[in-house]
Amino acid sequence: AGSAAAFAPSSMMKTSSTSLKAAEDLVGALPPVGFFDPLGFAEKADENTMKRYREAELTHGRVSMLAVIGFLVGEKVEGSSFLFDASIKGPAISHLGQVPEGFWAILLIAIGATEQFRAEKGWVDPSEVPVDQPGLLKADYVAGDLG
């Protein structure tokens, strides 16, 4: 019951509610750790909230991976004519402010289209959701499955 309990496999930890059982079955709970919730967010969450948590976790993870790739590519192709006619100079952290304005429109449309697709695939239409259940995911939707 000490701090090492956070790193114990889920089969060794006590589960106090049925929401934890539902959380253990979510995509991403893999051996040897199993379901990993060191701060106990799942204890008070129902099944729909856990699905939303997992969806947010996967989305933020994907965005962070793309950001890392962006930094690495920015460092590698600096000064080459590969991107933006070699107008971007300096360390990757300063590249964002140097990007031409037309790129932002393309980026905004791409992100908007992706989010619209994700919303239509995963979420119940807001007009059909009870007031006390905002952000309700479809029952057959598996968090992160956009295929």
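Relative to the Cα centre, what is the charge dipole magnitude of the range 60-147, using +1 at the beta carbon of each Lys and Arg, -1 at the beta carbon of each Asp and Glu, and rounding to the nearest 20 debye? Don't skip to the answer; put the middle values down first.
Values: 6 positive and 11 negative charges, 65 e Å.
Here the range 60-147 has a charge dipole of around 320 debye.
Pop a pseudo-label 7 angstrom from the Cα along the beta-carbon direction at both ALA119 and ILE69 and give the gap in nm to one decimal.
So the two model labels end up 2.4 nm from each other.
Under 5 Å between amide hydrogens, which residues at least 5 positions from LEU137 or on another chain qualify, with H placed 1.01 Å from N in the peptide plane?
Long-range HN contacts for LEU137: VAL124.
Under the 0.36 nm per residue contour assumption, what length would be gained going from the current alpha-carbon distance of ILE93 and LYS44 to full extension?
Numbers: separation 49, 0.36 × 49 = 17.64 nm, distance 3.92 nm.
Here the segment from ILE93 to LYS44 would lengthen by 13.7 nm.
Once phi is turned into ³J(HN,Hα) by the Karplus curve 6.51 cos²θ - 1.76 cosθ + 1.60 with θ = phi - 60°, what whole-Hz value does each residue of the range 83-89 show in order, with x for glycine and proline?
Couplings: 10, 6, 6, 6, 8, 9, 10 Hz.
Just so you know, all these numbers are worked out from the coordinates, no wet-lab data involved. Predicted model only: the values in this text are computed from it and were never measured. So basically every Cβ, Gly included, is an ideal-geometry build from the backbone, and we count neighbours across all protein chains shown.
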